[in-house]
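Read the structure below first, then the notes.
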Amino acid sequence: MPDGRVSTEEAVLAAHAGDAWFAASLPEAVVFPESAEEVSALLKFASEKGVPVTPRGAGRGYVGGCVPARGGIAVSLMRMNRILEINREDGVAVAQPGVITGDLQDAVLAQGLFYPPDPASLRECSLGGNVATNAGGPRCLKYGVTRHYILGLQVVLMDGTIVRVGGRTHKNKMGLDLIGMFVGSEGLLGVVTEITVRLLPAPPASATLAASFAEATGAAAAVQAVLAHGFLPAAMEVADHFTLEAARAHLGADKVPPGNAHVILELDGQPASVRGEAASLAELLRKVGALTVKTATTPAESDAIWGLRRAFSGSLRATGLTKLNEDVTVPRSRLVDLFVLGGALQAKYGFPVACFGHAGDGNIHVNIMVDPNEPDTTTRMEAALDELFDHVVAWGGAISGEHGVGLAKKRWWLKAAPAELRRLTAMVKSALDPQSLLNPGKFV
C-alpha cells in the first residue's frame with residue numbers, strides 16, 4: 001500500500017472496531033484504499049496470507065455488520081468518496097462507495113434529478129453501506145429500495161479479481177442477476193468499489209400530511225384504508241404511544257400532536273395532482289377516525305413534520321433506556337397484529353415497547369426498551385426477542401427489512417432461514433470466498 005494508507009494506531013483501530021450497534025472488536029490494522037486497484041492488491045495479499053478482511057463504509061449500521069469479529073484488516077472505503085459522473089440524458093450517476101447518500105441526492109437534485117432511497121441516516125451513511133444492506137427508508141413504499149436503483153457495480157472479489165456486473169442502461173437482461181447477488185450481501189461476497197445508480201426526474205411538487213389517532217391499531221387500520229382506496233403515497237409512516245410520549249418528553253409537548261398514535265404521509269408529483277390527492281386523503285383520514293389532520297404544502301411545513309419523525313430514535317434514547325431496535329417486516333395484513341403483539345410483549349416481559357416505522361411496506365421498528373440494571377434483564381430480553389421473531393416468521397415476515405443480519409440477528413438467522421436456503425447461501429459464499437476471509441463471523 002502507498003504511504004498513509006495503513007494504520008495500526010490505537011485510536012484508529014478503536015474507531016473502526018464497531019458501528020452504531022453496541023458490539024465491537026478491534027482489527028489488527030485499518031487500510032484506507034483510494035482505488036479499486038489498491039483494494040485488489042490488498043485482497044490478493046490477504047487471500048494469500050489467510051488474513052480476515054472486514055469492509056466498512058461510514059459505520060452507521062445497526063447490527064454490527066462491519067464489526068471485525070475475527071480481527072485482521074478493516075478496510076475503510078471512505079476515502080473513495082467521489083461522484084464520478086451525473087448524466088442527465090442517461091438518467092444515471094456513477095459514484096464511489098464512500099460518497100454520503102445525502103450528498104449524492106443533493107448533487108443530482110441540483111440538476112433536476114432524483115435518487116429516491118432515503119435511509120434515516122442519509123446525511124451520515126455511505127452509498128457503499130446502502131448497497132451492502134440494501135438500505136431503504138420512508139420512500140420505499142412508492143419508489144422501492146436501493147436494489148431498484150443499482151444499474152451496475154464494480155466489485156473486487158476476495159482473490160483480487162476486479163469484475164463489473166450490470167451496466168448503465170435502465171434495462172439489462174444479460175446473464176444472471178449478479179447485481180442482486182451483491183446488493184444486500186453485507187460485505188460477505190466482495191468489496192464494492194464503484195456504483196452506477198438509476199435516477200428519476202425530480203417531482204416538482206409535494207405535500208405532507210400528519211394525522212393523529214387514539215390508538216396504534218387505529219393508525220394501522222388507517223394505513224390499510226389509504227391503500228385500499230387506491231392511493232400510493234411516496235411514504236407512509238406510523239408511530240405508537242410510547243414513541244410519542246418519549247418525543248413529548250424530549251422535544252416538548254407542543255412539538256407533538258395529540259393522541260396515542262401518529263401517521264405521516266407524503267405525496268409527490270405534479271402540483272395539481274398533489275393538491276387534489278392531499279385534499280382527498282385528508283378527508284379519508286378523518287372518515288377512518290383521525291383525531292387531527294394537518295396538511296403541509298411548503299418545504300418548511302413539511303420539514304417540521306419530518307423533523308418529528310427523524311427525532312423518534314433520539315427521543316427513545318433520551319429516556320435513558322437501552323433501545324433494542326428490531327427492523328422486522330410483516331405482510332401489511334399483519335400490521336395491526338404486530339402492534340397488538342408489541343403491547344402483549346410489554347405486558348408479559350415488563351419492558352416498554354415502542355413501535356414506529358415504514359407502515360406502507362410493513363417494515364416496523366419494534367424497539368424493546370430495556371434497563372440493563374434491572375434483575376434478569378438479559379433472560380427476559382432474549383425471551384421477548386424470541387417471541388417477537390417467532391411471530392414475525394410465522395406470519396411470513398422477515399427478521400430484517402433494511403438493517404441486515406450482521407451480528408445482532410445472527411442468532412435468529414437459523415430460525416428465519418430454512419435449511420435449504422442456508423445451504424444455498426453457504427454455497428454462494430464458498431464459491432466466491434472459499435477461505436471465508438471476507439467479513440467472517442457473521443451469519444454465513
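Going by amide H atoms built from the backbone, whose H comes under 5 Å of the H on Gly160, apart from near neighbours?
Lys44
On the first, second and third principal axes, largest extent first, how far apart are the outermost C-alpha atoms of segment 253-402 in Å?
Its Cα atoms span 56, 35, 27 Å along the three principal axes.
Karplus couplings for segment 379-394 from phi (6.51 cos²θ - 1.76 cosθ + 1.60, θ = phi - 60°), rounded to Hz, Gly and Pro as x?
These are the phi-based 3J(HN,Hα) values: 5, 5, 4, 5, 5, 5, 5, 4, 5, 4, 5, 4, 5, 4, 5, 5 Hz.
Starting at the first residue of segment 90-99, write each ³J(HN,Hα) from the Karplus equation 6.51 cos²θ - 1.76 cosθ + 1.60 with θ = phi - 60°, in whole Hz, x for Gly and Pro.
Result, ordered by residue: 7, x, 9, 9, 10, 9, 7, x, x, 5 Hz.
How large is ³J(HN,Hα), in whole Hz, for each residue of segment 353-359 in order, when computed from phi with the Karplus curve 6.51 cos²θ - 1.76 cosθ + 1.60 and θ = phi - 60°, using x for Gly and Pro?
For segment 353-359, the Karplus curve yields 10, 10, 10, 8, x, 8, 5 Hz.
Determine, for each peptide in 361-369, 255-263, 77-85, the mean count of other beta carbons within 10 angstrom over its residues, then list the peptides with the highest first. Before the final figure, lay out each step's value.
Numbers: 361-369: 24.1, 255-263: 20.7, 77-85: 17.1.
The peptides rank, most packed first, as 361-369, 255-263, 77-85.
Helix-derived [θ] at 222 nm for the chain: sum -39500 (n - 2.57) over DSSP H runs of at least 4, divide by residue count, nearest 500?
Calculated at 222 nm, the ellipticity per residue is -10500 deg cm²/dmol.
Test of understanding: ordering Phe231, Phe182 by Cβ neighbours within 10 Å, fewest first, what list do you get?
On the way: Phe231 15, Phe182 25.
Result, fewest neighbours first: Phe231, Phe182.
How high is the relative contact order of segment 203-404, in percent, with contacts defined as C-alpha pairs under 8 Å that are six or more residues apart? Write out the running numbers ahead of the final one.
Numbers: 367 pairs, mean separation 52.7, N = 202.
That works out to 26 percent.
If you wrap segment 1-108's Cα atoms in a convex hull and average its projection over all directions, what's the area in nm²? Each step should come with its number before you reach the end.
Values: hull surface 31.2 nm².
In nm², the orientation-averaged hull projection of segment 1-108 is 7.8.
So, with +1 on the Cβ of K and R and -1 on the Cβ of D and E, and no other charges, what is the size of the charge dipole of the chain about its Cα centre, to the nearest 20 debye? Present the calculation step by step, with values, prior to reporting the outcome.
On the way: 40 positive and 45 negative charges, 134 e Å.
Around 640 debye, computed over the chain.
Tell me which residues come under 5 Å, amide H to amide H, from Ala202 once H is placed; ignore anything under 5 positions away on its chain.
Amide H neighbours of Ala202: Leu113, Phe114.
Using the beta-carbon distance between Glu9 and Ala431 and R0 = 35 Å, what value does 1/(1 + (r/R0)^6) give for FRET efficiency, to the nearest 0.05?
So, using R0 = 35 Å, E works out to roughly 0.45.
Under a GNM of the chain (C-alpha, springs under 10 Å), which listed residue has the highest mean-square fluctuation: Asp254, Asp159, Asp19?
Asp254
If I model a spin label at Lys415 and Asp386 as a point 7 Å from the Cα along the Cα→Cβ vector, what separation in nanometres do I get?
In this crude spin-label approximation the distance works out to 0.8 nm.
By counting other Cβ atoms within 10 Å of each Cβ, how are Leu285, Leu42 ranked from fewest to most?
Least crowded to most crowded, the residues run Leu42, Leu285.
Taking a 26 Å limit on the Cα-Cα distance, which of the listed pairs Lys142/Lys287; Lys294/Lys409; Lys415/Lys442; Lys49/Lys442; Lys44/Lys442 fall beyond it? Can you show the working numbers first?
Working: Lys142/Lys287 24 Å; Lys294/Lys409 38 Å; Lys415/Lys442 15 Å; Lys49/Lys442 21 Å; Lys44/Lys442 21 Å.
Cα-Cα > 26 Å for Lys294/Lys409; rest within.
Show the residues, 5+ positions off or on another chain, whose built amide H is closer than 5 Å to the amide H of Gly184.
It is Ala132, Thr133, Asn134, by chain and number.
Any idea what the relative contact order of segment 299-444 is, in percent, if you count C-alpha pairs under 8 Å spaced at least 6 apart? Show your work: numbers first, answer last.
Numbers: 154 pairs, mean separation 33.2, N = 146.
Dividing the mean separation by the residue count of segment 299-444 yields 23 percent.
So how far, in whole Å, is the C-alpha centre of segment 186-217 from the one of segment 338-392?
Taking the Cα centre of each part, segment 186-217 and segment 338-392 sit 25 Å apart.
Taking Cα Rg over 2.2 N^0.38 Å as the quantity of interest, determine which of (i) 1.04; (ii) 1.30; (iii) 0.99 was computed from the displayed structure.
(iii)
Provide Val75, Val163 in ascending order of the number of other Cβ atoms located within 10 Å of each residue's Cβ, fewest first.
Working: Val75 28, Val163 12.
Neighbour counts put them in this order, fewest first: Val163, Val75.
Using alpha-carbon pairs under 8 Å, 6+ residues apart, how would you state the relative contact order of the chain in percent? Walk me through the intermediate numbers first.
On the way: 952 pairs, mean separation 70.8, N = 444.
Relative contact order of the chain: 16 percent.
Laboratory data are not the source of any read-out in this text; all were calculated from the coordinates shown. The structure displayed is predicted, hence computed values, not measured ones. Virtual Cβ from ideal backbone geometry, glycine too; neighbours counted across all protein chains shown.
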